[in-house]
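Q: Take a look at the following structure, please.
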Amino acid sequence: MVPPLLVISDGAKGIASAIQRCFPHSLHQRCTIHVARNLLAKVP
């Protein structure tokens with residue numbers, strides 16, 4: 001099985017840890033929609 005080149009997920013630390021453990025050579029990127037939603041929730 002060929003591992004994915006890039007895995008995109010939300011910012012949950014458990015998911016990021018599992019991705020790193022299962023696919024150590026794959027890149028991990030946080031979903032830009034989740035980043036934007038989190039920023040908008042903090043900015044008035």
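Q: When only residues in segment 16-33 that are within 16 Å of Pro3 (Cβ to Cβ), hydrophobic (A, V, I, L, M, F, W, C) and out of contact with any His (no Cβ under 8 Å at 6 or more places or on another chain) count, which is most open to solvent (accessible area, probe 1.4 Å)?
A: Leu27
Q: What pairs come up if the first residue lies in segment 1-23 and is under 19 Å from His34 (Cα atoms), the second is open to solvent by less than 60 Å² (accessible area, probe 1.4 Å) and among the hydroxyl-bearing types (Ser, Thr, Tyr), and their beta carbons are under 8 Å apart, counting only those six or more places apart or on different chains?
A: Leu6/Ser26; Val7/Ser26; Ile15/Ser9; Ala16/Ser9; Ile19/Ser9; Ile19/Ser26
Q: What is the one condition in (1) of a type outside the set (S, T, N, Q); (2) open to solvent by 60 Å² or more (accessible area, probe 1.4 Å); (3) not in a loop (DSSP other than H, G, I, E, B) that Ala36 does not satisfy?
A: Failed condition: (2).
The values are calculated or read from the model by the stated rules, or taken from the named source; none is laboratory data. Bear in mind that the values here come from a model prediction, so they are computed numbers and not experimental data. Glycine gets a Cβ as well: all are built from the backbone with ideal geometry, and neighbour counts include every protein chain shown. Only protein heavy atoms, including side chains, enter the accessible area calculation; ligands, DNA and RNA are left aside. Shrake-Rupley method; radii C 1.70, N 1.55, O 1.52, S 1.80 Å.
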